[in-house]
Structures are given as structure tokens and as C-alpha cells.
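Below is one structure; the comments refer to it alone.
Any read-out appearing in this document is the output of simple, stated calculations on the displayed coordinates, not a laboratory observation. All values reported here derive from a predicted model rather than from experimental measurement. FYI the Cβ positions are ideal-geometry reconstructions off the backbone, even for glycines, and counts take in every protein chain you see.
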Ligand code: KMH
Ligand code: ZN
């Protein structure tokens, strides 16, 4: 990657709903096609160049239905030129077949490729468990301490092959230093091709923590391990205040960044965000304050990798 990012634009992603946070935690989490589309379009209008999309039923339950993903993405495209990134992270308990279904149904411009198997806990201890109202949320909380995010090397290779076949650019989700080694292996094998889109996901229990020093260490390591193959580097950090602190630092460094309700429900210490657009608005303000231009959706499209059919 060109290390002189002094004047470069940063791409802002909004992760609008996710599969981990629970609707009982915040009324702002969009559930059902209509709400997910509405929040995505509003996030784009507020300044996000990319929306990162999971699918949920109207009752909030995460779904892997290809049809639901198709409805969401078709409706977003009708109203906005935002770049759509479909998640293959899915939600706790989904199989590999379920997790790739949205990508197969939609053939999006971007999709996530998670690089390693790891413990993955959103509500690890009793004190961090929210009060929930529905049975499926109770069941999910009941699985605390047993959650493994499966991303075997075989799965990652299969997902990557499918992406290539469908013309989808992978966004590499990197939760830990070890996963940069996986990216290098896949690059050497020809399973992945430069330029790589790398996104650090920090602050998940089971992955690297979210101190700013960790971001700087991962950034340094990615340059050493992947060298010029890195096309873009971004960060998504979990929770308040780290989501917005990382956005500020990433924007200062000319990196990409991600905000949104998937990763953090709060806009300040004592208030929940009312919408994804509010979190995007905060990141847009930070970009303005630190003098960082934000990439447009078409600039993001131009930087997509060699598998993209939409270049
Ligand atoms: N929920 C994030 C911590 C994905 O969707 O592929 C991880 C994530 C992965 O966004
Ligand atoms: Zn996600």
C-alpha cells in the first residue's frame, strides 16, 4: 500500500444491524427488510460510502435467507448508489452453507471474509448480559461461554473461491495478528489476489482488544506481513467509546473506518444512538474536524479488486 496517506480519502462503512446485538438492547436496531433498507439508505445519505448488511426477520432473529438478502439489497440499490457489503459472518449458530447464502443470492460488490476460527462472545459474563424479552434472545444468552466462530482454512478457501466465481471482492475481517498470516498464505496460494481490503475488527472477546496501540501494532504488522498487497486498511471497534475513538484515529491516519449499531449502540456515555445515521454523522464530523476527505461510493468501486465485474 502507498504509505503516504496524507491527502487520501477514507471510506466510511456503516454496519447497520449485525447478527450479534439483540433487539432488546436498543429499539434503534433495524429488524426486517423495510427497516434494514431504511437505515442503510439513511446511513448512505449521512455519508457512508459502504453499508455492511446482515439480514434479520421482523422479530429481530438473524436469518440467512438468500431471498431476504436479495430483497434488502435490491431495495437499497433502488434508492442509493452506496456500495453494499454482504456479511458472511452471519450470526451465532449458522453453518457455512447458511453464511454464504446471502452472497450467492445477491452477488454483491463486497462481502466479508473472516479469516480465523476463534472464541467469539458478545455477552461473556453474567454482568454483561442484557435483560431480554424474547425466547430466542434468552436461548442465545444461554449459549454464553460455548460460542466458537468457525472459519477453518477450508471454509475460507471455499468462500474465497465462490467470491471469485461471483465477481465479489472480499473484505478481510482480521481479529488478530495470527490472521494476517492466514491472509499471506492465501495470497501465496493464489486464493486471494492483491489489492487486499483489510479490516481490523477489534474488541471482540476472543480476538484482539481495542486499545489504540493494538490498532497501530496491527497496522504495522500488516505492512510487514502483506507488504504492497494491502490496498486498503480499515478498522471496526466494538462498543462505546472505542468505535468512535478508532474512527477518529483511523481518519487521522488516512485509514478506512466503520461505525454502526452492529458494533456499538451508544453515541455518548449516557445515551444510546437513535439511528445508524447518527453514528455516521458523528464519524463525518470527526472527518471534517481532522481534515480528512471521505471517499464516495464510486471511488470505493474504482478501488475494488480484480474479481470485481463492476469496474
Ligand atoms: N460483528 C462483527 C464483530 C461479518 O459480518 O462478517 C464481525 C463482523 C463479521 O462484522
Ligand atoms: Zn457483520
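Structure data summary
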{"quantity": "Longest to shortest principal axis, alpha-carbon extents of the chain, angstrom", "calculated": "49, 43, 40"}
{"quantity": "At q = 0.20 Å⁻¹, base-10 log of I(q)/I(0) for the range 44-190 (Debye sum, equal scatterers on each alpha carbon)", "calculated": "-1.29"}
{"quantity": "Computed over the chain: relative contact order in percent, which uses C-alpha pairs under 8 Å that are six or more apart", "calculated": "24"}
{"quantity": "Spread of Cα-to-Cα distances over 5 Å intervals beginning at zero, given as percent, for the range 1-118", "calculated": "2, 12, 22, 23, 18, 12, 6, 4, 1, 0"}
{"quantity": "Rg/Rh (Cα only; Kirkwood hydrodynamic radius) as it applies to the range 211-311", "calculated": "1.00"}
{"quantity": "Stretch gain in nm, segment residue 148-residue 79, where the contour uses 0.36 nm per residue and the Cα spacing is subtracted", "calculated": "21.2 nm"}
{"quantity": "Residue order, fewest to most surrounding Cβ atoms within 10 angstrom, among 12, 115", "calculated": "115, 12"}
{"quantity": "Contact order relative to length of the range 62-159, as percent, for alpha carbon pairs under 8 angstrom and 6 or more apart", "calculated": "29"}
{"quantity": "Cβ-based exposure ranking for 117, 133, 169, in which fewest neighbours within 10 Å come first", "calculated": "133, 117, 169"}
{"quantity": "For the range 172-222 and the range 273-298, distance of Cα centres in Å", "calculated": "24"}
{"quantity": "Taking the range 1-92 and dividing mean pair separation by its residue count, relative contact order in percent (alpha carbons under 8 Å, at least six apart)", "calculated": "33"}
{"quantity": "Computed over the range 97-176, the ratio Rg/Rh where both radii use C-alpha atoms and Rh is Kirkwood", "calculated": "1.07"}
{"quantity": "Fewest-first sequence of 4, 176, 285, 256 by Cβ atoms within 10 Å of each Cβ", "calculated": "4, 285, 176, 256"}
{"quantity": "Computed helical MRE - 222 nm, the chain, DSSP H runs ≥ 4 contributing -39500 (n - 2.57), nearest 500", "calculated": "-12000 deg cm²/dmol"}
{"quantity": "Cα point-scatterer Debye curve for the range 41-97, base-10 log of I(q)/I(0) at q = 0.12, 0.20 Å⁻¹", "calculated": "-0.30, -0.77"}
{"quantity": "Cα-only Debye scattering, the range 16-75: base-10 log of I(q)/I(0) at q = 0.24 Å⁻¹", "calculated": "-0.97"}
